[in-house]
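Notes to accompany the following structure.
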Amino acid sequence: MASAPELRLSSAYVSGAWHPFNGARQMELINPDTEARTGTLTSPDAELVSAVVGAATDAQPAWSQSSTRQRLQLLRAIIALTEQHADDLAQLISEEIGAPIDFARAAQVGTAIKHLRATETALATASTDIALDGDPMHRVRYEPVGVAGLITPWNWPLNQVVLKVGAALAAGCPMVLKPSEYATRTAIAFTEIIHAAGIPKGVFNLLIGDKETGAQLAAHPGIDMISFTGSSTAGRKVSQAAADRFARTALELGGKSPNLLFEDCDVETSVRQGLAHCFRNAGQSCNAASRMLVARPIYDEVVALAAKIAQATPVGRPFDSGPHQGPLINRAQFDRVRAMIKACDARCVAGGAEPPVGFSPGFYVRPTVFADVSPNDPLFQEEVFGPVLTITPFEDEDHAVALANNTRFGLAAYIQTADPARADRVAARLRAGMLQVNGTSRAEGAPFGGVKASGHGREGGLWGIQSFQEVKSISGAAQRG
Ligand code: NAD
């Protein structure tokens, strides 16, 4: 069989055309399933970063004044083309990050399309010019914030990109996207879709590159707002770079989300769903339910069931059909996750640091569960970004809330109880941006984001669009038309 041609990723999409470039920094691209080298990614120099920001700046006067109708038309064309190319996109995501193909189709691409639709609905229904107390001489206008820099991670590579691109388009902001160096091909494919949808020149620009490219974009004086999704460590640096010029930031960062199982919950369903939510995408989701907190009376039952389910969770190849768990993204994550598993001295009831049999080479880690994990354990406090669940007992509601809030993160939290009053009471006390009770899925267009070290700002639906808008108050002039 002929081997696939080696990839050379070294083009930026600027002002409606692809521009090949040379650069001093090169990164090897590695297949997470086989560890085989598939090509190289080149990062641009600072001069090119400036030229790309300049293209977005040139597009700003016209795009900021574009009509809702024009933005809607564009968004609808992008949605239609994304749906048309859903299978190709899923294939690419599967190859690039190792996501099992069925999961890539249904969840990775499926969720991205839902987000685009939620943005479309919000744009079609939102009002950007509001009379205060019904008085047309006192108004509030929502206006685009300016040129947006968008920086995204690899774990939900299409999803993260469309949440930002759709919202920035809808808000009237021209933009420069810097996708993850580990998921560049997915971003390139989506750029082709945006191009085919007829985007005006300069409104969307793609800057491929490494973390230094991200840092150059975040620090660029031509960028009015940085919307960043990624680790809390990088988010802090982005914030600091933006602070120098008072540029706005929206930060979607890491998480260590608690899942509270009260004694009156449906144990079987809660444990099954809890593990699925933790191991989904091989544990590489910011909102993974990675800390299970369990009421003492059901603790032993939950631990035994969690061990049984984790041991039976299948691991498999990205291209194989089925509901299995795939590999981690890269060698650094593989080594880091296994080191964290090795260093934990709590009771390991499933999995462990040894790779699953038959999956080496490849960045595969076994679904792993630790019981009796203390709040002082790094595994309780730090985001692992791998298929690792911790279980900790609690004595009463106050103790559960205290344990749940006892990390620096505050992205999501999950509550399992048959008592609606308790669900509401506990939801109000948890410091997190998103609460889900008894396995209820989040509604389309619901705000996505966190508090504390999980960042600030919200994506999705109306909140996503508003994160790219400034509020202007106008007194003494009635609305035109
Ligand atoms: P990462 O922070 O290493 O990289 C994310 C992006 O930022 C990449 O494009 C990278 O090149 C760029 N980058 C890295 N350092 C930078 C810097 N100093 N300045 C500017 N850009 C920089 O994260 P990752 O490994 O790609 O993704 C995993 C992380 O993302 C996890 O912590 C996860 O929780 C988080 N995440 C959060 C959300 C959310 O919505 N809260 C969603 C998905 C992922």
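Every number in this text was worked out from the coordinates using simple rules, so none of it is lab data. Computed from a predicted structure; not experimentally measured. When we count neighbours, we look across all protein chains shown, and the Cβ atoms used for this are built from the backbone with ideal geometry, even at glycine.
Restricted to the range 306-340, and to residues that are among the β-branched types (Val, Ile, Thr) and outside any loop (DSSP other than H, G, I, E, B), which residue is farthest from the ligand (Cβ to nearest atom)?
Of everything passing the filter in the range 306-340, 309 is farthest from the ligand (Cβ to nearest atom).
Any residue that is farther than 29 Å from residue 131 by Cβ and either of a type in the set (Ser, Thr, Tyr) or part of a loop (DSSP other than H, G, I, E, B) (or both) - is there at least one of those in the range 467-480?
No, the range 467-480 contains no residue that is farther than 29 Å from residue 131 by Cβ and either of a type in the set (Ser, Thr, Tyr) or part of a loop (DSSP other than H, G, I, E, B) (or both).
Sort out which residues of the range 252-288 are in a helix (DSSP H, G or I), surrounded by 23 or more Cβ atoms within 10 Å (Cβ to Cβ) and away from the ligand (no atom under 16 Å from the Cβ), and write them in order of number.
Passing the criteria: 270, 271, 274, 275.
Out of all the residues in the range 223-246, which are more than 8 Å from the ligand (Cβ to nearest atom) and surrounded by fewer than 20 Cβ atoms within 10 Å (Cβ to Cβ)?
Within the range 223-246, 236, 239, 240, 243, 244, 245, 246 qualify.
Is it the case, given these coordinates, that residue 193 is more than 15 Å from the ligand (Cβ to nearest atom) and in a helix (DSSP H, G or I)?
Spelling it out, residue 193 is indeed more than 15 Å from the ligand (Cβ to nearest atom) and in a helix (DSSP H, G or I).
Please determine whether any residue of the range 436-459 is in contact with a helix residue (DSSP H, G or I) (Cβ under 6 Å, 6 or more places away or on another chain), over 27 Å from residue 127 (Cβ atoms) and either of a type in the set (Asp, Glu) or more than 16 Å from the ligand (Cβ to nearest atom) (or both).
Taking every residue of the range 436-459 in turn, at least one turns out to be in contact with a helix residue (DSSP H, G or I) (Cβ under 6 Å, 6 or more places away or on another chain), over 27 Å from residue 127 (Cβ atoms) and either of a type in the set (Asp, Glu) or more than 16 Å from the ligand (Cβ to nearest atom) (or both).
Table: residues versus (1) surrounded by fewer than 16 Cβ atoms within 10 Å (Cβ to Cβ); (2) closer than 23 Å to residue 308 by Cα; (3) β-branched (Val, Ile, Thr).
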{"residue": "337", "(1), (2), (3)": "no, yes, yes"}
{"residue": "340", "(1), (2), (3)": "no, yes, no"}
{"residue": "386", "(1), (2), (3)": "no, yes, no"}
{"residue": "395", "(1), (2), (3)": "yes, no, no"}
{"residue": "402", "(1), (2), (3)": "yes, no, no"}
{"residue": "415", "(1), (2), (3)": "no, yes, yes"}
{"residue": "420", "(1), (2), (3)": "yes, no, no"}
{"residue": "429", "(1), (2), (3)": "yes, no, no"}
{"residue": "441", "(1), (2), (3)": "yes, no, no"}
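Among the residues of the range 413-465, how many are without any contact (Cβ under 8 Å) to a residue 24 or more places away in the chain and not charged (D, E, K, R)?
Total satisfying the criteria: 13.
All but one of (1) part of a loop (DSSP other than H, G, I, E, B); (2) of a type in the set (Val, Ile, Thr); (3) without any contact (Cβ under 8 Å) to a residue 40 or more places away in the chain hold for residue 233, so report the exception by its number.
(1)
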